[in-house]
Amino acid sequence: VDWTPACFGYELDDPDKQALRIALDDPRPVVDGDVRIEVDVVRHGRTTAGGSLRLWSNGKLACVGIASFARHRPGAEFVGRTMPEVAPIGAEEPPLDKNLEFPLFTNVRRWSRFAEPSGPHGVRVGGWVQQVVPEVIDHRWAAFLVDLWWPAAYKAWGEDFLTQSVDMGYHGRASLPMESLPPGTPLLVVVTARTSVNGFVDEDCEIWSPD
């Protein structure tokens, strides 16, 4: 999902518009090698824009999606969510050293804060994530974090099952980048799972700034 804001934003060529909603269906996994991405902007208005995306991997269609971008404007705002209470990263606290054999995890530092197999929030995992090489924190980076942590369902299952994302959604709720989030700022990733039925798992992921 992290390539979508960059590709669609490039075709849109409108820096005033922010990623609002991205929905992707993944009929098959993306494999190593070249990929081809096609973007079709079907609406480009003064306030909102949208279109579709297709990604081919190894010559086969691997992802189909839709994206909506919008110019943020003041309105009747409220927020019904609160950031979980977690400890900040300790000055001498080492990051996780698990799964470093996967290239995905060599680009980030992780500090676990949740590993709950049950509870009022469902199954919950996650923690602080920081870039190894500081770069701008934008919707591309936030979308990357949505699918970074290991699935929460692993904490509830009594045995290991192979998992693969078959569909994914991203909802941007902040204007990025922002001065209060300079490159290298750690973000809190919270992943919860409440349902695993018929061979599919539903998960939710929230990305929080330190403040």
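The values are calculated or read from the model by the stated rules, or taken from the named source; none is laboratory data. Every value quoted in this text rests on a predicted model; they were computed, and no experiment measured them. Here the Cβ positions follow ideal geometry from the backbone for every residue, glycine too, while neighbour counts run over all protein chains shown. In case anyone asks, the SASA skips ligands and DNA or RNA and just uses the protein heavy atoms, side chains included. Shrake-Rupley method; radii C 1.70, N 1.55, O 1.52, S 1.80 Å.
A dipole drawn for the stretch 117-182 from +1 and -1 charges on Cβ atoms has a positive end, and of Val132, Leu181, Met168 the residue lying farthest that way is Leu181.
Sequentially through the stretch 10-26, phi angles give Karplus couplings (6.51, -1.76, 1.60; θ = phi - 60°) of 5, 5, 5, 6, 9, x, 6, 9, 10, 4, 9, 8, 10, 10, 10, 10, 10 Hz, Gly and Pro residues having no value and appearing as x. Partner lysines whose Cα lies under 19 Å from the Cα of Lys155, excluding those fewer than 8 positions away in the same chain, are identified as Lys98.
For the stretch 1-86, trypsin sites (Lys or Arg not before Pro) meeting the loop criterion (DSSP other than H, G, I, E, B) and having at most 10 other Cβ atoms within 10 Å: Arg46, Arg81.
Note on Ala174 and Val42: the extension gain reaches 45.1 nm, defined as 0.36 nm multiplied by sequence separation minus the Cα-Cα distance. Note on the chain: dipole from Cβ charges, positive end direction compared against Gly9, Ala70, Ala152; the farthest Cα belongs to Ala70.
When the charge dipole of the chain is built from unit charges on Cβ atoms (+1 for Lys and Arg, -1 for Asp and Glu) and taken about the Cα centre, the candidate among Thr47, Ser118, Val108 whose Cα reaches farthest toward its positive end is Thr47.
Compute, for the stretch 59-166, the length of the dipole vector about the Cα centre, with Cβ point charges of +1 (Lys, Arg) and -1 (Asp, Glu) only. Units Debye, rounded to 20. It would help to have the intermediate numbers written out before the result.
On the way: 11 positive and 12 negative charges, 90 e Å.
The dipole magnitude comes to about 440 debye.
Set against the labelled values (1) 17.9; (2) 18.6; (3) 17.0, Kirkwood radius over Cα pairs in Å computed from this structure falls on (2). In terms of its alpha-carbon gyration tensor, the stretch 1-59 comes out prolate; a/c meets the 1.5 threshold, and the first ratio a/b outweighs b/c. Extension gain, Val30 to Ala76: 0.36 nm times the residue separation minus the Cα-Cα distance gives 12.5 nm. Rounded to the nearest 500, the 222 nm mean residue ellipticity of the chain from helices alone is -2500 deg cm²/dmol, with -39,500 (n - 2.57) taken per DSSP H run of at least 4 residues. The portion of the accessible surface of the chain made up by carbon and sulfur, rounded to a whole percent, is 51 (1.4 Å probe; DNA, RNA and ligands excluded). Determine the shape class of the stretch 22-87: with a ≥ b ≥ c the square roots of the Cα gyration tensor eigenvalues, call it rounded for a/c under 1.5, and otherwise prolate if a/b is greater than b/c, oblate otherwise. Cα axes put the stretch 22-87 in the oblate bin.
Hey, what's the chain come to in accessible area per residue, 1.4 Å probe, Å²? Don't skip to the end; give the middle numbers.
Working: 13100 Å² over 211 residues.
For the chain, the solvent-accessible area averages 62 Å² per residue.
Here the chain is assigned +1 on the Cβ of each Lys and Arg and -1 on the Cβ of each Asp and Glu. Its dipole about the Cα centre then comes out at about 480 debye.
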